[in-house]
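Presented below is the structure to which this report refers.
What follows draws every value from the coordinates through simple rules; no lab data is involved. Computed from a predicted structure; not experimentally measured. Virtual Cβ from ideal backbone geometry, glycine too; neighbours counted across all protein chains shown.
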Amino acid sequence: VRIRVLATDGTTFDPVAALLDPAGTVIAEADDSEGLNPVMTLELPADGTYSVRVNGYLTSGAYTVLVEELF
């Protein structure tokens, strides 16, 4: 799976992202992968409901989370 967090154009928001497994444990983190936008690419270890946590690095703002299934 590939997860991208994109700050809304025209903002100074600097997002930082984490992927949490079904138990709530952080299994991946990303910051500034594509400019200021974090990207995580990984194979999920098991079925279940995962969560993406987004925080701002010294800022706040609007963002979009994109999730792509990779084969």
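So, by mean Cβ neighbours within 10 angstrom, what's the order for 60-67, 30-37, 1-8 with the highest one leading?
Averaged packing, sorted descending, gives the order 1-8, 30-37, 60-67.
Please report, to one decimal in angstroms, the Kirkwood hydrodynamic radius of the chain built from all distinct Cα-Cα pairs.
When all Cα pairs of the chain are included, the Kirkwood radius is 12.4 Å.
Give me the mean projected area, in nm² to one decimal, of the convex hull enclosing the Cα positions of the range 1-42.
Taking the Cα atoms of the range 1-42, their convex hull projects to 3.1 nm² on average.
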